[in-house]
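The values are calculated or read from the model by the stated rules, or taken from the named source; none is laboratory data. Worth saying up front: this structure is predicted, and the values here are computed from it rather than measured. In this analysis, Cβ positions are derived from the backbone assuming ideal geometry, glycine residues included, and neighbour counts consider all displayed protein chains.
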Amino acid sequence: MIIDTLDIAVRALRRNLLRTLLTMLGIMIGVAAVIAMVAIGNGAKAQVEAQIASFGQNMIVVMSGNASRGGVSMGFGGASTLTKQDYEAIRKEISGITAVTPEIRTSTQIMSGNQNLNTSIIGANEDYTGIHNWPVKSGANFAEADVRAAGKVALIGTTTAKTLFGDTDPVGQIIRIKNAPFTIVGELVSKGTSLMGSDQDDVVIVPYTSAMVRLTGDTKFRSLNVQAETYQQLASVQTQITELLRQRHRIGEGKDDDFIIRTQQQVTEMATATSQVMTLLLGAVAGVSLLVGGIGIMNIMLVSVTERTREIGVRMSIGARGSDILRQFLIEALTLSIGGGLIGILLGIGGAEIVSAKFGWTTVVSMQSIVMAFVFSAAIGVFFGYYPARKASQLDPIEALRYE
Amino acid sequence: MKPIITLERFEKVYQTGEVKVHAVRGVSLRVLPGEFVAVMGSSGSGKSTLMNTIGCLDRPTAGRYLLDGVDVRSLDRDHLADLRNQKLGFVFQGFNLLSRTTAEENVALPLRYSRQEKLSNHDRRRRALRALQLVGLSDRADHHPNQLSGGQQQRVAIARALVTRPRLLLADEPTGNLDTQTSIEIMGIFQRLNRAGMTIVMVTHELDIARFCLRQLVMRDGRVIKDEPVKDRLEAAAELLKLQHEHQAVQLTV
């Protein structure tokens with residue numbers, strides 16, 4: 001029965017091929033837009049997630065700040081409140097963590113021979129590269145002893161190494177940071193561009209002790225990086241650290257923390273929430289074009305019903321029920337919308353491919369969006385095809401037969 | 001014999017805006033199996049309304065109509081459609097075939113809508129071909145309507161009306177669009193079917209055509225004013241022969 005009706009529908013649509021294709025075009029563009037847009041949105045999300053993962057696994061960042069002075073929250077960096085004792089207390093007393101490191105960030109001019117450049121300096125302990133999933137490519141990481149002794153040793157990022165030394169191996173070379181000579185003990189693997197678009201390989205990492213004494217002169221930390229043993233322990237470690245620091249900083253009940261603590265989970269959620277909003281927006285825009293396509297189908301189906309009034313009359317006179325006519329026109333509308341949908345899916349996948357090839361954007365075509373687009377186009381066929389089909393089914397056979 | 005058509009004091013009133021149009025004012029009529037009735041009358045005489053009612057496309061405003069023993073007045077749209085499908089075959093003036101659809105598929109169309117017998121594609125084809133055979137067109141089964149002459153198209157339409165093996169064949173000016181010879185050919189088919197037992201009711205305004213039938217009904221102003229057997233009945237075969245002789249005679253003189 002359905003096959004029969006489908007056969008009738010396809011014949012009717014083939015009778016006016018150009019019109020059929022033009023009607024399908026609306027749905028095609030709509031579906032293709034949905035698929036391509038969602039693919040671009042998902043690609044952005046996947047990229048964000050990948051970058052957050054490369055940032056380090058199961059990370060918790062403790063930042064000093066948020067101290068309110070006279071009721072005004074100073075936010076991150078308002079004041080350095082994290083001491084070396086805090087750091088050591090976390091290291092000793094918190095359970096479920098694999099590593100802790102202070103993170104000092106500054107930026108200064110470094111020199112080697114007659115080369116000099118401005119680069120960012122990170123001061124940390126020997127666990128920093130481990131926490132951030134950032135292995136040494138050649139040479140070796142500096143040791144705990146270097147940290148304790150405020151040793152003049154450094155790890156160098158690939159961009160910095162290239163700028164200063166070209167193709168020669170930087171390991172063993174001397175660089176001068178604020179006139180202090182540091183020996184390069186290792187070169188880090190490339191980490192690429194950060195979320196904000198800065199080159200993460202334009203960097204020099206030195207023991208935090210050296211950084212404090214020789215570069216910044218600070219006695220407190222702006223930030224600590226903690227790595228939890230597992231993803232599940234992130235929350236528990238976060239509460240433990242919060243309690244410990246509130247106790248150590250003697251913060252009374254009901255008062256604000258003088259530090260900010262963020263788990264990787266939270267950062268990920270924030271970042272993905274942003275990209276989800278983007279995906280949703282893109283999808284909504286594409287959805288509107290689907291709607292327009294649906295109206296196009298309704299329009300053509302109404303024309304088609306009028307044109308074929310006589311045919312409807314003949315079918316009714318030889319025994320077609322109203323429901324037979326309804327089904328015939330509904331299936332015709334569905335054939336239009338689903339046909340357009342299927343072509344649109346192919347176009348959308350192709351479009352996503354082109355975008356990623358031409359602009360270098362990551363795109364992820366999800367099965368979910370394909371299924372959704374398909375179901376949606378079918379739903380549009382039913383929704384916008386129903387009214388014309390019902391109109392056809394309720395025609396009076398006598399009037400329909402007399403129609404010229 | 002139980003009548004195929006029983007009309008008792010049938011009336012039809014159309015309400016068009018403020019005006020009431022009394023299209024049929026009390027017609028009582030019986031048509032027995034095997035009859036061949038010509039319904040005649042000028043436009044506005046009510047013959048179309050009568051045909052629409054007999055064809056179950058419309059219901060009486062008052063009175064009773066039994067088609068093959070089924071009271072039509074109480075039936076809803078769907079049941080009327082089923083009745084048309086099972087018991088009636090329609091032949092129209094304008095043939096009303098579906099374009100870009102082969103003769104065979106046109107003929108098989110009513111079988112698609114049959115709720116009584118679910119036939120396979122193969123069986124439908126077989127039935128359609130047999131119906132085409134009855135009208136002598138089995139060699140044109142694959143042709144589209146636009147590849148057929150008017151007479152051939154009307155024969156396809158007759159085959160379509162016959163394919164469900166109806167109790168009654170209804171023809172509305174079946175020869176209205178055809179030339180004399182083709183008209184006689186079509187009437188020949190009707191006479192042959194009638195002789196094989198088919199009951200036929202046909203609307204026409206041509207006296208010559210009505211003379212091929214067995215019974216003549218004339219309507220005026222919503223009433224039947226004449227209902228009598230056809231005198232000096234014509235035989236299609238004889239008439240065709242006569243026509244051919246006339247043609248030859250014309251050719252000889254020219």
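One table, with the values for the structure above:
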quantity: Segments classed as strands (runs of 3 or more DSSP E), wholly inside segment A:80-186, with at least 1 members that are among the small types (Gly, Ala, Ser); calculated: A:97-112, A:115-124, A:136-139, A:153-156
quantity: Counted residues, segment A:352-373 - those being assigned to a helix (DSSP H, G or I) and crowded, with 17+ Cβ neighbours inside 10 Å; calculated: 6
quantity: Selected residue (criterion: nearest to the chain's Cα centre (by Cα)) from residues of segment A:12-56 that are over 14 Å from A:Leu334 (Cα atoms), within 14 Å of chain B (Cβ to nearest Cβ) and part of a helix (DSSP H, G or I); calculated: A:Leu17
quantity: Failed criterion for A:Val314 (all others in (1) in a helix (DSSP H, G or I); (2) more than 11 Å from chain B (Cβ to nearest Cβ) hold); calculated: (2)
quantity: Any helices (runs of 4 or more DSSP H) falling wholly within segment B:1-120 and containing at least 3 residues that are in contact with a helix residue (DSSP H, G or I) (Cβ under 7 Å, 6 or more places away or on another chain) and of a type in the set (A, V, I, L, M); calculated: B:103-112
quantity: Close pairs from segment A:1-29: first touching a residue at least 40 places away in the same chain (Cβ under 8 Å), partner buried (at least 20 other Cβ atoms within 10 Å of the Cβ) and outside any helix (DSSP H, G or I), Cβ under 8 Å, at least 6 apart; calculated: A:Ala12/A:Arg308
quantity: One residue from B:Arg100, B:Arg77, B:Arg115 being at positive phi, within 14 Å of chain A (Cβ to nearest Cβ) and of a type outside the set (S, T, N, Q); calculated: B:Arg100
quantity: Hits in segment A:242-285 - residues which are free of Cβ contacts under 8 Å to residues at least 12 places away in the same chain and more than 30 Å from A:Ala32 (Cα to Cα); calculated: A:Glu243, A:Arg246, A:Gln247, A:Arg250, A:Ile251, A:Gly252, A:Glu253, A:Gly254, A:Lys255, A:Gln266
quantity: Residue in segment B:123-150 that is nearest to the other protein chains (Cβ to nearest Cβ), counting only those that are surrounded by fewer than 18 Cβ atoms within 10 Å (Cβ to Cβ) and small (Gly, Ala, Ser); calculated: B:Gly150
quantity: Selected residue (only one of B:Leu214, B:Leu193, B:Leu241 is surrounded by fewer than 21 Cβ atoms within 10 Å (Cβ to Cβ), in contact (Cβ under 8 Å) with a residue 60 or more places away in the chain and out of contact with any helix residue (DSSP H, G or I) (no Cβ under 7 Å at 6 or more places or on another chain)); calculated: B:Leu214
quantity: Verdict on A:Gly340 being assigned to a helix (DSSP H, G or I) and not polar (S, T, N, Q); calculated: yes
quantity: Some residue of segment A:189-204 being in contact with a Ser or Thr (Cβ under 8 Å, 6 or more places away or on another chain), over 19 Å from A:Arg105 (Cβ atoms) and surrounded by fewer than 20 Cβ atoms within 10 Å (Cβ to Cβ); calculated: yes
quantity: Scan of segment A:375-396 for residues that are surrounded by fewer than 18 Cβ atoms within 10 Å (Cβ to Cβ) and not in a loop (DSSP other than H, G, I, E, B), ordered by number; calculated: A:Val375, A:Ala378, A:Ala379, A:Val382, A:Phe383, A:Tyr386, A:Tyr387, A:Arg390, A:Lys391
quantity: Leading residue by the ranking (surrounded by the fewest Cβ atoms within 10 Å (Cβ to Cβ)) among those in segment A:66-84 that are of a type outside the set (S, T, N, Q) and at pLDDT 75 or above; calculated: A:Lys84
quantity: Index of the failed condition, B:Pro60 passing every other in (1) surrounded by fewer than 22 Cβ atoms within 10 Å (Cβ to Cβ); (2) under 17 Å from the mean Cα position of the chain (by Cα); (3) closer than 14 Å to B:Ala23 by Cα; calculated: (2)
quantity: Failed item, numbered, when A:Ala99 is tested on (1) in contact (Cβ under 8 Å) with a residue 12 or more places away in the chain; (2) over 29 Å from the mean Cα position of the chain (by Cα); calculated: (2)
quantity: Qualifying residue in segment B:26-42 (condition: under 23 Å from B:Phe92 (Cα atoms), crowded, with 19+ Cβ neighbours inside 10 Å and out of contact with any strand residue (DSSP E or B) (no Cβ under 6 Å at 6 or more places or on another chain)); calculated: no
